[in-house]
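The values are calculated or read from the model by the stated rules, or taken from the named source; none is laboratory data. Keep in mind it's a predicted model, so treat the numbers as computed, not measured. Glycine gets a Cβ as well: all are built from the backbone with ideal geometry, and neighbour counts include every protein chain shown.
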Amino acid sequence: MKEIKLLSLELVNFKGISSLHLDFTDNTCVCGANGTGKTTVFDAFCWLLFGKDSHNRADSAFNIKTLDKDGNVIYNLEHSVIGVLSVDGRSLRLQRTYREVWVKPRGTTEKTLKNHETIFYINDVKCATKKEYDAEISGIIPEGVFKMITNPRCFPTLPAEKQKEMLMRMAGDVTDDEVAATKPEFAKLLAEMAGVPMERYLKEVAAKKKACKDVLAIIPSQIETAQNLKPASEDWADLDKQIQEKRKSVSELDEKIKDRTKVTQDSFEAKNALVVQQNQKKADLTERTNKIRIEADNAHHKAVKEADDAYNAKINEYDKQITTIKNQMSQREGTLTATAGSAVTTADQEIEGVRKQINAKNQEIKALQSASNSQNTTQINLAGIIKKYTTNIKVMEDNVQAKRNEYTEKAKEQLAFDPNDFICPTCKRPLDDDDCEAKRKELQKNFEDEKTKKLKEIQTAGKQMASQLAQLKQELDSYNTQLKQLNDSIAETQKELQDAQGDLLSLQQTLQEKIENRPAEPDYAKVLASDKAYHDLSVLLATAVDNKSKVEKASIPDPIYSEIEAADQTCIDLKNSITELQNKIDNFKDADPVDTSDIEEQKKAINGEIEDLVKRMAKRDTIKKADDEIKKLEQKQDKNNQELAELEGIEYNALQFQKKKDSLLMERINGMFEIVSFSFVSNQLNGGEKLTCVCTVNGTPYPDVNHAGKINAGLDIINAICKSEGVCAPIFVDNAESINDVLPTVSQKVMLCVTRDSSLIIK
């Protein structure tokens, strides 16, 4: 361990001390009355090393210069601190001098103060730059470490984060594997994390929880909607029985109709046989005539091909005319169809508009249901908070009363003198009467001072508790007001939801009416046929086509199929057979028709009843679909609830993992100290926990211990830091007169004690 000792310190014109030389041992007591410069000694040592006083103020922020009796600065003085250190047995002489720089401006006879400069010496050798001096000091001890190991009050007054950072640096980190070895659940959690940092893993778990909660929030409304849309159930077995019975009745009526029409059917079948024969002959004739025509067409095609070249020249003129007319007809057709279909288009637009309103209303209902669910959750949370606050107020009221009782008991305390206090510690003889009386007055004064101080501390703590109690009650009133406002808001939301559902039903009815009243699609063929302009264009087109047709046939006559067919014997024979069969058909006497209208009417009525029953039976499928959807939603709800519970379990294990890690770390940290201990968790009034760094001394919070306890706590911390950093330096203990038993240290101690001595002395 690097050992730094202060051997001597010399102050020249430093903070009102014109000249002072002090030599130090391992345990030096610097004594003097208030205002004689004890704290200045510590300031001088700090300023020598780092250019700051013991409160970490730079020389520009505290009055380093010497003042006269009227409080005015005495100019033209050099302000110096010279210190001799022992660093691992090596003597090191340091000097820092602060002086004024005076200049005589051109054209003047008097000097004026321009600025100041600081001069540095190492072993009486002047440093070229401040950087050189700072590098030497930094090589001895870093500034941050110096502050923490020279002042017992430094570390406990650092911000919680700075304390925590230093403690973790001293103790070293606790690995996740070390935590996992303490509990099987932690090992499983670590395996599931798969190397993901705990903070990110918890964020992922929280995101999954939110997703589950979002799904669970909308499922009840979806189930309710499915329930509302499900039609009323009926006696399906009875309906099915009725359908079967009526279908049986229809079959019986069909049999009656069949019996009545059997004679007519036999006659129809005989006549139909003749028709079949005739159709076969017609087919044979068609096949023969097609063959004849193909042969004639082949001969005609050859002749037409020879006349195509002459035809194409004239046909182009008619094609242009036809194209123009067709374009005009197309434009006219578009105008007419658009006008005729406007009523249908308007109806469709109205239907679509109602559908959009329904969709918007569904979204509104969904939003209101979500808001209602959120309000219900907030209502539960507020009720829980109010319960906690009520409990905390009761506890705080008990604590306030306890402080009052403590104050009363403390006020009753009286001093009991110890006979050993009146015995000389050197010669062990009883003190003289005058000395005893002086000792009694001193002890009585110290007792009264300590008692007054303690009563003030109790009173201050009581006032703080009373203030906290009032604050808690005020916050409780605020939460109660919030709950009342929330209840009013819940009622309003429910009313809005009911109104929206009524609006949705009305819109659905409107949609059904518009669909039923939608006009039929117009007969565009009739529209076109009734338009004169379109008719005129059609006539022009027909004329153009006809002229074009005349051009095609102008020079080449079509084959005369009739003449060819008339000369073919096969065609002659087939035509004769067809004529003969037609005569038989014409002469065939049909059976008298049978009247089955009465049975048909009965059948029609029963079929209508069957149709109605089938429509009612169709509701069963709708109900089944709704039940299936509700079942799926309930299964989805169960799955998400299970997943949410699993995620909450993971989250709990992760938090317990972190707490265990912090616990192991605290065991390691607190093992470095004798009388102090630290905790990174502070319990809150609302029952929660806050991450911080809390120091206690033998179980008592650091702010609540007396001055002696705080000094020993600081010394305990300094011992641990020295061991961790491998360096020790002089410890300056201010107001050391208030402590009897000083905790042993590895470092040199400089005790600054208030005495009645009018000037500083070394004891």
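Restricting segment 640-664 to residues that are more than 23 Å from Ala187 (Cβ to Cβ) and touching a residue at least 12 places away in the same chain (Cβ under 8 Å), the residue that is surrounded by the fewest Cβ atoms within 10 Å (Cβ to Cβ) is Asn641.
Within segment 343-365, the presence of a residue that is surrounded by 14 or more Cβ atoms within 10 Å (Cβ to Cβ), at pLDDT below 75 and assigned to a helix (DSSP H, G or I) is excluded. Taken together, Ile711, Ile731, Ile721, Ile761 contain a single residue that is closer than 22 Å to Leu49 by Cα, in contact with a Ser or Thr (Cβ under 9 Å, 6 or more places away or on another chain) and of a type in the set (Val, Ile, Thr), which is Ile731. Under the condition of being of a type in the set (A, V, I, L, M, F, W, C), touching a strand residue (DSSP E or B) at 6+ places or on another chain (Cβ under 9 Å) and either closer than 25 Å to Pro701 by Cβ or part of a helix (DSSP H, G or I) (or both), the residues counted in segment 733-746 number 4.
When we screen Asp523, Asp536 for residues that are at pLDDT below 85 and surrounded by 12 or more Cβ atoms within 10 Å (Cβ to Cβ), the only hit is Asp536. Within segment 147-170, can you find the residues that are under 35 Å from the mean Cα position of the chain (by Cα) and hydrophobic (A, V, I, L, M, F, W, C)? Residues satisfying the conditions are Leu158, Ala160, Met166, Leu167, Met168. The residue that is farthest from Thr150 (Cα to Cα), among those in segment 701-710 that are touching a residue at least 24 places away in the same chain (Cβ under 8 Å) and either out of contact with any strand residue (DSSP E or B) (no Cβ under 6 Å at 6 or more places or on another chain) or acidic (Asp, Glu) (or both), is Asp704.
Inspect segment 21-40 for any residue being touching a His at 6+ places or on another chain (Cβ under 9 Å) and assigned by TED's automatic domain parsing to the domain that holds Phe120 and give the result as yes or no. No. When segment 27-49 is filtered for residues that are out of contact with any strand residue (DSSP E or B) (no Cβ under 8 Å at 6 or more places or on another chain) and surrounded by fewer than 18 Cβ atoms within 10 Å (Cβ to Cβ), only Gly35 remains. Note on segment 745-763: residues that are surrounded by fewer than 16 Cβ atoms within 10 Å (Cβ to Cβ), out of contact with any Asp or Glu (no Cβ under 9 Å at 6 or more places or on another chain) and within 19 Å of Leu6 (Cβ to Cβ) total 2.
Restricting segment 114-131 to residues that are surrounded by 13 or more Cβ atoms within 10 Å (Cβ to Cβ) and assigned to a strand (DSSP E or B) leaves a set whose member that is modelled with the lowest pLDDT is His116.
Inspect segment 618-626 for any residue being touching a residue at least 12 places away in the same chain (Cβ under 8 Å), touching a Phe, Trp or Tyr at 6+ places or on another chain (Cβ under 6 Å), surrounded by fewer than 17 Cβ atoms within 10 Å (Cβ to Cβ) and part of a helix (DSSP H, G or I) and give the result as yes or no. Yes, because at least one residue in segment 618-626 is touching a residue at least 12 places away in the same chain (Cβ under 8 Å), touching a Phe, Trp or Tyr at 6+ places or on another chain (Cβ under 6 Å), surrounded by fewer than 17 Cβ atoms within 10 Å (Cβ to Cβ) and part of a helix (DSSP H, G or I). Of everything listed in (1) without any contact (Cβ under 8 Å) to a residue 24 or more places away in the chain; (2) in contact with a strand residue (DSSP E or B) (Cβ under 7 Å, 6 or more places away or on another chain), the single unmet condition for Glu667 is (2). Could you tell me whether Val73 is under 26 Å from Lys38 (Cα atoms), assigned by TED's automatic domain parsing to the domain that holds Thr40 and over 50 Å from the mean Cα position of the chain (by Cα)? So Val73 fits the description; yes. When we screen Val145, Val81 for residues that are in a strand (DSSP E or B) and either under 30 Å from Cys722 (Cα atoms) or not hydroxyl-bearing (Ser, Thr, Tyr) (or both), the only hit is Val81. No other residue among Asn480, Asn487 is closer than 16 Å to Ile393 by Cβ, at pLDDT 90 or above and either part of a helix (DSSP H, G or I) or not assigned by TED's automatic domain parsing to the domain that holds Gln414 (or both) apart from Asn480. Of everything in segment 465-516, what is without any contact (Cβ under 8 Å) to a residue 40 or more places away in the chain and within 32 Å of the chain's Cα centre (by Cα)? Give them in sequence order. Selection gives Gln471, Gln474, Asp477, Ser478, Thr481, Lys484, Gln485, Asp488, Ala491, Glu492, Lys495, Gln498. Of the numbered criteria (1) crowded, with 17+ Cβ neighbours inside 10 Å; (2) in contact with a Leu (Cβ under 8 Å, 6 or more places away or on another chain); (3) under 30 Å from Arg200 (Cα atoms), the one Leu715 fails is (3).
For (1) in the same structural domain as Ser19 (by TED's automatic domain parsing); (2) among the aliphatic types (A, V, I, L, M); (3) part of a loop (DSSP other than H, G, I, E, B), each residue gets a yes or a no:
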| position | (1), (2), (3) |
| --- | --- |
| Ser679 | no, no, no |
| Asp716 | no, no, no |
| Cys753 | yes, no, no |
| Asp757 | yes, no, yes |
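Scanning segment 59-78 for residues that are closer than 24 Å to Ala729 by Cβ and either not aliphatic (A, V, I, L, M) or not in a loop (DSSP other than H, G, I, E, B) (or both) yields a total of 2.
Considered as a group, the residues in segment 76-113 that are under 18 Å from Asp23 (Cβ atoms) and β-branched (Val, Ile, Thr) include one that is surrounded by the most Cβ atoms within 10 Å (Cβ to Cβ), and that residue is Val81.
Filtering segment 540-550 for residues that are more than 30 Å from Arg332 (Cβ to Cβ), assigned to a helix (DSSP H, G or I) and either of a type outside the set (A, V, I, L, M, F, W, C) or free of Cβ contacts under 8 Å to residues at least 40 places away in the same chain (or both) leaves an empty set. In segment 591-608, the residues that are exposed (fewer than 12 other Cβ atoms within 10 Å of the Cβ) reach residues that are modelled with pLDDT under 80 with C-beta atoms within less than 7 angstrom, at least six apart or across chains, in these pairs: Pro593/Thr264.
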